[in-house]
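Okay, so here's the structure we're looking at.
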Amino acid sequence: MTTTTPDVSPTAAGAGANASDAARASAVRHGQAVASAERLSTVARAMLDAVHGVIRDHRLTYPEFQAAKRWIMAVGESGEWPLFLDVFVEHVVEQVAADSQQGTVGSIEGPYYLPAQRRFPSVATLPMRDDEPGDPLVFSGQVRDLTGTPVPHAELDIWHNAADGFYSGFAPHLPDGLFRGTITTDEQGRFEITTIKPAPYQLPMDGPTGHFVEAAGWHLWRPAHLHLMVRADGHRRITTQLYFDGGDYIDDDVARAVKDELVLAPEPGPDGRLRVEYDFVLEGG
Ligand code: MBD
Ligand code: FE
């Protein structure tokens with residue numbers, strides 16, 4: 001794995017805190033939860049009961065309670081709650097949602113989606129710099145419905161990190177829009193996207209999330225992944241990620257978001273570039 005150190009070191013303040021604005025926008029995309037008093041009471045009661053259970057089972061002390069309070073305040077002040085929740089909690093929300101979902105399996109959205117990126121036709125090269133570091137990757141496939149019928153003009157949002165591990169929009173040294181785009185599939189639901197193979201992602205080490213993970217002796221890494229959102233009129237939108245066979249942390253994702261069906265095995269094509277195909281299957285229509 002090649003991880004280069006950027007000139008301008010992105011900090012937790014960039015990678016973690018900037019995700020707060022993205023999280024506020026995401027609430028709009030996912031729809032507003034309207035909880036009845038009954039639902040709120042039930043869920044809040046269960047959460048408090050779970051916390052009380054942990055305190056009793058582990059005989060939590062006053063100094064530990066105070067340390068936990070200070071840490072929770074620090075996460076809030078640093079703006080890292082979206083990061084922390086997407087890494088340690090979202091995978092279970094996604095699993096519950098997946099119980100009622102057919103077709104391509106989903107995975108978590110994570111904190112770094114940005115809407116309204118550059119739009120591309122079905123054959124596209126994602127925005128990248130001259131001499132962009134990384135292994136070129138050609139990712140192609142087709143969007144179909146559950147009956148196997150192609151879905152023409154589906155929209156596919158794709159976003160992933162640069163070879164140095166950072167995401168554009170959340171690291172000041174990267175140009176806006178790098179490795180982000182919305183691709184519209186052709187009449188046959190097909191697409192072909194040229195990009196680079198993403199790199200494993202390390203959570204920011206200099207914020208409260210990183211401090212906590214290090215203090216617990218856990219690691220801070222996610223395996224390399226492509227993020228995708230696929231939507232088409234009359235079909236259920238899917239949010240998922242694709243991973244790479246044999247890559248670091250593929251069996252030990254800090255965010256627990258890898259599913260076997262989502263692991264790709266790219267092979268070098270005739271021109272030496274890595275190539276891989278993956279077809280998306282959408283419900284509805
Ligand atoms: C990521 O890139 C990511 O995908 C998730 C889920 C959490 C933190 C960073
Ligand atoms: Fe990610």
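Quick check on the range 153-174. Is at least one of its residues within 20 Å of Asp21 (Cα to Cα) and more than 16 Å from ligand 1 (Cβ to nearest atom)?
yes
Find the residue count for the range 260-277, including only residues that are assigned to a loop (DSSP other than H, G, I, E, B) and surrounded by fewer than 17 Cβ atoms within 10 Å (Cβ to Cβ).
Selection size over the range 260-277: 6.
So, of the residues in the range 71-91 that are within 14 Å of the chain's Cα centre (by Cα) and among the β-branched types (Val, Ile, Thr), which turns out to be nearest to ligand 1 (Cβ to nearest atom)?
So the residue we want is Val87.
Looking at the range 77-187, what strands (runs of 3 or more DSSP E) fall wholly within it and have at least 1 residues that are within 15 Å of ligand 2 (Cβ to nearest atom) and in contact (Cβ under 8 Å) with a residue 24 or more places away in the chain?
Passing ranges, in order: 155-159, 180-184.
Of the numbered conditions (1) in a helix (DSSP H, G or I); (2) among the aromatic types (Phe, Trp, Tyr); (3) more than 24 Å from Glu77 (Cα to Cα), Phe212 satisfies every one except a single condition; which is it?
(3)
Just one of the numbered conditions (1) at negative phi; (2) modelled with pLDDT of 95 or more; (3) under 20 Å from the mean Cα position of the chain (by Cα) is not true of Phe179; which one?
Of the numbered conditions (1) at negative phi; (2) modelled with pLDDT of 95 or more; (3) under 20 Å from the mean Cα position of the chain (by Cα), the odd one out for Phe179 is (1).
Take the conditions of a type in the set (A, V, I, L, M), under 25 Å from the mean Cα position of the chain (by Cα), closer than 25 Å to Gly207 by Cβ and surrounded by 12 or more Cβ atoms within 10 Å (Cβ to Cβ) and apply them to Ala68. Does it pass?
no
Quick check: is even one residue across the range 193-204 of a type in the set (Lys, Arg), assigned to a loop (DSSP other than H, G, I, E, B) and away from ligand 1 (no atom under 13 Å from the Cβ)?
Scanning the range 193-204, I find at least one residue that is of a type in the set (Lys, Arg), assigned to a loop (DSSP other than H, G, I, E, B) and away from ligand 1 (no atom under 13 Å from the Cβ), so the answer is yes.
Can you find, within the range 35-65, the residue that is surrounded by the fewest Cβ atoms within 10 Å (Cβ to Cβ) among those that are over 32 Å from the mean Cα position of the chain (by Cα) and not in a helix (DSSP H, G or I)?
Applying the filter and picking the extreme gives Arg59.
Find all pairs meeting these conditions: Cβ atoms under 7 angstrom apart; at least six residues apart or on different chains; first residue within the range 37-61 and under 19 Å from Val93 (Cβ atoms); second residue modelled with pLDDT under 95 and part of a helix (DSSP H, G or I).
none
Which of the residues that make up the range 92-130 are surrounded by fewer than 20 Cβ atoms within 10 Å (Cβ to Cβ), within 16 Å of ligand 1 (Cβ to nearest atom) and among the aliphatic types (A, V, I, L, M)?
Val92, Val93, Ala97, Ala98, Val105, Leu114
Can you confirm whether the range 219-241 contains a residue that is under 29 Å from Trp71 (Cα atoms), of a type outside the set (A, V, I, L, M, F, W, C) and in a strand (DSSP E or B)?
Yes, the range 219-241 contains at least one residue that is under 29 Å from Trp71 (Cα atoms), of a type outside the set (A, V, I, L, M, F, W, C) and in a strand (DSSP E or B).
Within the range 142-151, is even one residue of a type outside the set (Lys, Arg), modelled with pLDDT of 95 or more and within 16 Å of ligand 1 (Cβ to nearest atom)?
no
The values are calculated or read from the model by the stated rules, or taken from the named source; none is laboratory data. As the structure is a computational prediction, the values presented were derived from the model and not from experiment. Positions of Cβ are backbone-derived with ideal geometry, glycine not excepted, and every protein chain shown enters the neighbour counts.
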